[in-house]
Amino acid sequence: MATRFAQRVLQPSNHVLSVKMPAKSTNRKKSPLLSPFPEGWYFVASRKSILKEKLIQKTWLGEEIVAWCDGAGRICVAVAVCPHLGSELGPAAGGRVSDGCLVCPFHGYEFDVSGQCVATPFAAAPKAAKLKVFETREVLGMIFAWWGIDGRPSQWSLPEDPPASADWCELGFRTLRFAGHPQETSENAVDLAHLRYVHGYDSVQRVEPVTVDGAYLTSCFDFKRTQTIAGIIDITFDVSAMTHVLGTGYSFVEIHERSIGMDARLWVLATPVDGTLIELVLVSQVRQMRNPKRPIVGLRFVPLRFRARIMNRILMTAQKQDVMQDVVIWSRKQYRSRPRLCRSDGEIGVYRRYCKQFYPDHEDSFQDGPVDRVAEHGEAPP
Ligand code: FES
Ligand SMILES: [Fe+2]
């Protein structure tokens, strides 16, 4: 239960870190203004993990869903309830994948990746037997599904894959679970003041104003971050970050580190689980550095092909540290529909108005209140 934690932080290895949270930390239910399931594309799983596990089941935006892949590589994400007599279809109930079809554990109905029942053991497949399936998109092997208001189809798309040359190391994944809301986690992309105050970044500077084009928002800023490597050496990273936000479930950050000349990509993928918890998946990759601008401690003798992977691990560690600092705040905060903003808040008002489109009545994500108009229109932090 989210209401009493030991909050669990899950890692890919199933290693569980515990972050002690006070029982009082679940005041999210006291914030009725923010509907828990904004419309958008939300991460389901990586293709790799679906292929490995064959059939995945999870709680996703308040529903039990399953995901599997057929022999042609087509992936299906569907509600985990059989249209015959309602059996659950996930592996825990005995659901399985056979010849690319999902087989119900109760009477053996078989469903192809379109969700259609194509066979039963004892009679012809009833045409009306069809799973409720979700639209899916894939970005570099990350599988997303569309969650629409009242089941409506996708209103916008996710971007094409970014260039995936051999220069880029494979994606690294970290998964965290905590009480929170995806709008509030994505809000950090425009909340530059917290970068200094919570994370201790220096020289935080907005490079360009936040832009909004339908469901697409960009936020571009620079900062410096000092990190201790191996517990002894402090390295200062001089970072330029370009954040591409598409709804509350998808944030993609292009990172350029100037002092070394390193390029990295980060994805921050927030998915509501059950209306209280969210799953935050952090994904990253680093581009191979053939000629780093300055020597990187300990990497000089590492073969070239391993360097990007090692830097990705360092990046993931830094990213996780930062996010854990945010989790302490996120899991205890209340949503304020009328935030009392100040000049250093940058474009939070712009972001809140952008988010309105993801809610059924376009009203519950942000109520215009007596906020500081200068701050609302976006001024870089002093
Ligand atoms: S409930 Fe699924 S086949 Fe009967
Ligand atoms: Fe943060």
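No lab work stands behind these numbers, since they all come straight from the coordinates. What you see is a predicted model; the values in this text were computed from it and never measured. All Cβ positions, even for glycine, are placed from backbone atoms using ideal geometry, and neighbour counts span all protein chains on display.
Excluding Cys117 itself, calculate the net charge of residues whose Cβ lies under 9 Å from the Cβ of Cys117, where each Lys or Arg counts +1 and each Asp or Glu counts -1.
Values: positive: Lys127, Lys130; negative: Glu110, Asp112.
So the environment of Cys117 carries a net charge of 0.
For region 46-146, compute Rh as the Kirkwood radius over C-alpha pairs and then the Stokes-Einstein diffusion coefficient at 4 °C and 1.567 mPa s; write the answer in µm²/s, rounded to an integer. Mind showing how you got there, number by number?
Details: Rh = 13.4 Å.
Translational D for this selection: 97 µm²/s.
Per residue, the convex hull spanned by the Cα atoms of region 115-160 measures out at 102 cubic angstrom.
Are there trypsin sites (Lys or Arg not before Pro) in region 73-177 that DSSP marks as loop and that have at most 11 other Cβ atoms within 10 Å, and which are they? In loop regions of region 73-177 (DSSP not H, G, I, E or B), the sparsely surrounded trypsin sites (Lys or Arg not before Pro) are Lys127.
Between region 186-207 and region 83-143, the alpha-carbon centres lie 45 Å apart.
Here the extension length gained between Asp150 and Asp234 equals 25.1 nm, from 0.36 nm per residue of separation less the Cα-Cα distance. Net charge dipole, region 46-146: roughly 160 debye, given to the nearest 20, about the Cα centre with Cβ charges of +1 for Lys and Arg and -1 for Asp and Glu. With the charge dipole of region 46-146 set up from +1 on Lys and Arg Cβ and -1 on Asp and Glu Cβ about the Cα centre, the Cα lying farthest toward the positive end among the listed residues Gly62, Ala72, Leu131 is that of Ala72.
Working from Cα pairs under 8 Å separated by at least six residues, relative contact order for region 41-86 is 26 percent. Among the chymotrypsin sites (Phe, Trp or Tyr not before Pro) in region 155-189, those placed in a DSSP loop whose Cβ has at most 16 other Cβ atoms within 10 Å are Trp156. For the pair Glu160 and Lys132, label points projected 7 Å from Cα toward Cβ lie 3.5 nm apart. When you filter the GluC sites (Glu not before Pro) in region 78-172 for DSSP loop state and at most 10 other Cβ atoms inside 10 Å of their Cβ, you are left with Glu160.
Highest-first packing order for the peptide set 183-195, 253-265 is 183-195, 253-265, based on the mean count of other beta carbon atoms within 10 Å.
Spin-label model, Asp167/Arg313: points 7 Å from Cα along the beta carbon direction are separated by 2.4 nm.
The alpha-carbon atoms of region 186-242, seen along their principal axes, cover 46, 18, 17 angstrom, with the largest extent given first.
Using r as the Cβ-Cβ distance of Arg340 and Asp361, and R0 as 22 Å, what FRET efficiency do you calculate, to the nearest 0.05? Working shown, then result.
Values: r = 24 Å, r/R0 = 1.10.
Computed FRET efficiency for Arg340 and Asp361 comes out at 0.35.
Site pair Phe122 and Asp213 shows an inter-label distance of 5.8 nm when each label is modelled 7 Å from Cα along Cα→Cβ.
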